[in-house]
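K.L.:
This is the structure I want to talk about, given as structure tokens.
Laboratory data are not the source of any read-out in this text; all were calculated from the coordinates shown. These figures come from a predicted structure and were not determined experimentally. Cβ atoms come from the backbone with ideal geometry, glycine included; neighbour counts cover every protein chain shown.
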Amino acid sequence: MAAAAAAAAGASLTYRSGLIRKNYICDLDKSIGGGIYCFENWEEADSWFDEEGIRWLTDCYSKPNIEYFNNAVIVDSVSGRLATLVIDVESVQ
């Protein structure tokens with residue numbers, strides 16, 4: 001059931017520019033879930049998690065707990081790709 005709901009929600013994300021990947025995560029025993037988003041840059045992440053985006057997430061699920069992290073490398077074993085992302089550390093601090 002959780003996988004079907006995630007797949008349905010995920011279909012709506014395929015058109016978003018700047019979104020590289022979203023991993024849906026959950027702990028069925030604790031009835032909690034969320035997502036890990038990987039964006040091309042900070043601006044794309046900020047545009048997704050703006051006031052309207054937070055309101056939508058809150059209305060559909062619950063108020064999100066959002067934390068930002070740098071993602072310097074993506075290892076994709078399925079495609080055999082290794083992507084290295086450029087991070088401007090000064091702009092993050």
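K.L.:
Please arrange 39, 49 by counting, for each residue, the other beta carbons lying within 10 Å of its beta carbon, fewest first.
P.N.:
On the way: 39 22, 49 16.
In increasing order of surrounding Cβ atoms, one gets 49, 39.
K.L.:
Quick one: order 30, 63, 22 by neighbouring beta-carbon count within 10 Å, fewest to most. Walk me through the intermediate numbers first.
P.N.:
Values: 30 7, 63 10, 22 18.
By the 10 Å Cβ count, ascending, the order reads 30, 63, 22.
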